[in-house]
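S.K.: I have a structure here, written as structure tokens, and I will follow up with some questions on it.
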Amino acid sequence: MNKFSKYVGLDVHQETAAVAVADTAGEVRYVGEIVNTPEAIAKLVAQLKRGTGRLAFCYEADPCGYTICRQLRELKQDCQVVAPSLIPRKPGERVKTDRRDALSLARLYRAGELSPVWIPDQAEALRDLTRAREDLKHLQRQAKQRLLSFLSRHGHRYTGRSRWTQAHWRWLEGIRFARPEQQIVLQEYIDTVQACGGRVVSLDREVETAAHASPAWPVIEALMALRRICLLAAVTVIAELGDLARFAGAPQLMAYLGLVPSEHSSGKRERRGAITKTGNSHVRRVLVEAAWTYRHAARKTAILQRRAERTPPEVQEIAWSTQKRLCQRFRNLMAHGKLKSQVCTAIARELVEFIWAIGQHVAPLKHV
């Protein structure tokens, strides 16, 4: 017996939401369009329910977030946010409207053809913090590039070893232009770079404070036993993925992060291509960056040893096995003439397996 009386598809936008309903056994009908407000959503639930049991709602993941989903669950109704990229679509369809999208969602949800996404709970605030920090780093890189481009246009090129060191900043302070307007422009660019840097440092402190206060801190601390998985990288992994135990196995997590090869095979022909790059790009970037450090020989540095000592013995064993395995793997792939980018991707994919293994040994703290 089906536990839901009706399946409701919502095509959600900032201001409105198109509604379609599919009965357990019957035709799919279009209800209409409502305003996207909590009051309108509550009224819709009351109208559709009418003592017939629980309703099952679904809508596509979009910039509107999970507000509607959380409200519906508070109203004791089931709601799933589905992945837009995994919604089955007919190749021949060339007409797309809100009405058609809502009808399609209701029909496919009733048939069980939709793939829900993970809804973050306590991890959402931590995820917002890490993404804000990532955005500010992007703004900082842009500000630095604009400053260097401005100086290059006017023939000022730094000849030292590394930029953004104390020597580089002293060099910037010593630059003088003939025109006062250009000197003002230089100072504004410098101030922008420094302001972005200050905000990044401030957010780093906030991330550290929030990580220690998070229920997921035991898992974050355990992941830091791995080479090149610093506090920020570990927080990013947990904030984006949540509980690692929700993945049935490491291959499922690899596919979720888009680190598995794409494939287009038919009959006797097998054709595999580059990685799919689907799923969470934030974690994929962090892991690829971490994979680059495994080009060096395996060793326990003082910092890494101090991190590992705070973790259970089984986590320490996994962390050391990770180093031995991936460092050797990196050398073998390079010896076979693979490109460095391909090697880093392969190492990142295998690193996921060890991260998943740690997630099975260490569980987040439970709220009392």
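Every number here is computed from the coordinates shown, using simple stated rules; none is lab data. The model shown is predicted, which means the values in this text are computed figures rather than measured ones. Quick reminder, even Gly has a Cβ in these numbers, built from the backbone with ideal geometry, and neighbours come from all protein chains shown.
S.K.: Test of understanding: in a Gaussian network model of the chain with alpha carbons linked when under 10 Å, which of SER214, SER281, SER265 would top the mean-square fluctuation ranking?
M.R.: Looking only at SER214, SER281, SER265, the largest GNM fluctuation is found for SER265.
S.K.: While we're here: Have a look at ALA298, GLN47, VAL185 and report the one farthest towards the positive end of the charge dipole of the chain, computed about the Cα centre with Cβ charges (Lys/Arg +1, Asp/Glu -1).
M.R.: Highest projection toward the positive end goes to ALA298.
S.K.: What does the C-alpha gyration tensor say about the overall shape of region 53-180? Classify as rounded when a/c is under 1.5, otherwise prolate if a/b is larger than b/c, or oblate. Can you show the working numbers first?
M.R.: Details: a/c = 4.52, a/b = 2.66, b/c = 1.70.
Taking the square roots of the gyration eigenvalues as a ≥ b ≥ c, region 53-180 is prolate.
S.K.: Could I ask something else about it? What size of dipole, in debye to the nearest 20, comes out for the chain about its Cα centre when the only charges are +1 on Lys and Arg C-beta atoms and -1 on Asp and Glu C-beta atoms?
M.R.: 1540 debye
S.K.: For an R0 of 30 angstrom, estimate the FRET efficiency from the Cβ-Cβ distance between ARG54 and LEU86 and round to the nearest 0.05.
M.R.: 0.80
S.K.: What FRET efficiency would be calculated for the residue pair ASP78, VAL31, taking the C-beta separation as r and a Förster radius of 25 Å, to the nearest 0.05? Spell out each step's value before the answer.
M.R.: On the way: r = 18 Å, r/R0 = 0.71.
Computed FRET efficiency for ASP78 and VAL31 comes out at 0.90.
S.K.: Based on other C-beta atoms within 10 Å, arrange LYS6, LYS277, LYS268 from fewest to most.
M.R.: LYS268, LYS277, LYS6
S.K.: Label region 1-104 by shape, choosing from rounded, prolate and oblate, from the square roots a ≥ b ≥ c of the eigenvalues of the Cα gyration tensor; if a/c is under 1.5 it is rounded, and otherwise prolate applies when a/b is larger than b/c, oblate when it is not.
M.R.: oblate
S.K.: How much length would be gained if the chain were fully extended between HIS154 and ILE190, taking 0.36 nm per residue of separation minus their Cα-Cα distance, in nm to one decimal?
M.R.: Here the segment from HIS154 to ILE190 would lengthen by 11.4 nm.
S.K.: Using DSSP, restrict attention to beta bridges with both residues in the chain and report what percent are antiparallel, rounded to the nearest 5.
M.R.: DSSP beta bridges in the chain are roughly 60 percent antiparallel.
S.K.: Determine the gain in length on full extension of the stretch ARG199-PHE177; use 0.36 nm per residue of separation and subtract their C-alpha separation, reporting nm with one decimal. Write down the numbers at each step before the final one.
M.R.: On the way: separation 22, 0.36 × 22 = 7.92 nm, distance 2.88 nm.
5.0 nm is the gain from fully extending ARG199 to PHE177.
S.K.: Could you list, in their original order, any pairs among LYS76/LYS96; LYS6/LYS76; LYS3/LYS43; LYS268/LYS340; LYS6/LYS43 whose Cα atoms are separated by more than 26 Å? Don't jump to the answer; show the numbers that get you there.
M.R.: Details: LYS76/LYS96 32 Å; LYS6/LYS76 14 Å; LYS3/LYS43 22 Å; LYS268/LYS340 31 Å; LYS6/LYS43 16 Å.
Pairs exceeding 26 Å: LYS76/LYS96; LYS268/LYS340.
S.K.: Looking at the square roots a ≥ b ≥ c of the eigenvalues of the Cα gyration tensor of region 221-346, which shape do they give, rounded for a/c under 1.5, prolate if a/b is larger than b/c, or oblate?
M.R.: Oblate, since a/c reaches 1.5 and b/c is not below a/b.
S.K.: With springs only between Cα atoms under 10 Å, which of PRO91, PRO63, PRO251 fluctuates most in a Gaussian network model of the chain?
M.R.: PRO91
S.K.: May I pose another question? With charges set only on the Cβ (+1 for Lys and Arg, -1 for Asp and Glu), what does the dipole of region 99-239 come to about its Cα centre, in debye to the nearest 20? Display every interim value, and only then the final one.
M.R.: On the way: 22 positive and 15 negative charges, 157 e Å.
For this selection, approximately 760 debye.
S.K.: Rounded to whole Hz and in sequence order, give me ³J(HN,Hα) for region 226-237 from the Karplus expression 6.51 cos²θ - 1.76 cosθ + 1.60, θ = phi - 60°, writing x for Gly and Pro.
M.R.: 3J(HN,Hα) across region 226-237, in whole Hz: 7, 5, 6, 8, 7, 4, 5, 5, 5, 5, 4, 4.
S.K.: Considering the options ALA22, VAL286, TRP320, tell which one lies farthest towards the positive end of the dipole of the chain, charges being +1 on Lys and Arg and -1 on Asp and Glu at the Cβ, about the Cα centre.
M.R.: In the chain, that residue is TRP320.
S.K.: Also, quick follow-up: Of the trypsin sites (Lys or Arg not before Pro) in region 132-217, which ones lie in a loop per DSSP and count no more than 12 other C-beta atoms within 10 Å?
M.R.: ARG157, ARG161, ARG176
S.K.: Determine ³J(HN,Hα), in whole Hz, for all residues of region 338-343 in sequence, where each value follows from phi through the Karplus function 6.51 cos²θ - 1.76 cosθ + 1.60 and θ = phi - 60°; x replaces Gly and Pro.
M.R.: Each residue of region 338-343 in turn: 6, 5, 4, 5, 5, 5 Hz.
S.K.: Show me the three semi-axes of the equivalent ellipsoid for region 139-191, from the C-alpha gyration tensor (sqrt of 5 times each eigenvalue), largest first, rounded to whole Å. Mind dumping the intermediate values first?
M.R.: Working: eigenvalues 56, 37, 22 Å².
Working through the eigenvalues yields semi-axes of 17, 14, 10 Å.
S.K.: Further question: Comparing ILE358, ILE220, ILE303, which has the greatest mean-square fluctuation in the GNM of the chain with Cα pairs linked when under 10 Å apart?
M.R.: ILE303
S.K.: Take every Cα pair under 8 Å in the chain that's 6+ residues apart, average their separations, divide by the length, and report that relative contact order as a whole percent.
M.R.: 14 percent.
S.K.: To continue, here is another question. Report ³J(HN,Hα) in whole Hz for each residue of region 306-318, in order, from the Karplus equation J = 6.51 cos²θ - 1.76 cosθ + 1.60 where θ = phi - 60°; Gly and Pro get x.
M.R.: 5, 5, 5, 5, 8, 10, x, x, 5, 5, 4, 5, 5
S.K.: With each pseudo-label sitting 7 Å past Cα toward Cβ, what's the HIS138-GLN71 distance in nm, one decimal?
M.R.: With each label placed 7 Å out from Cα toward Cβ, I get 2.8 nm.
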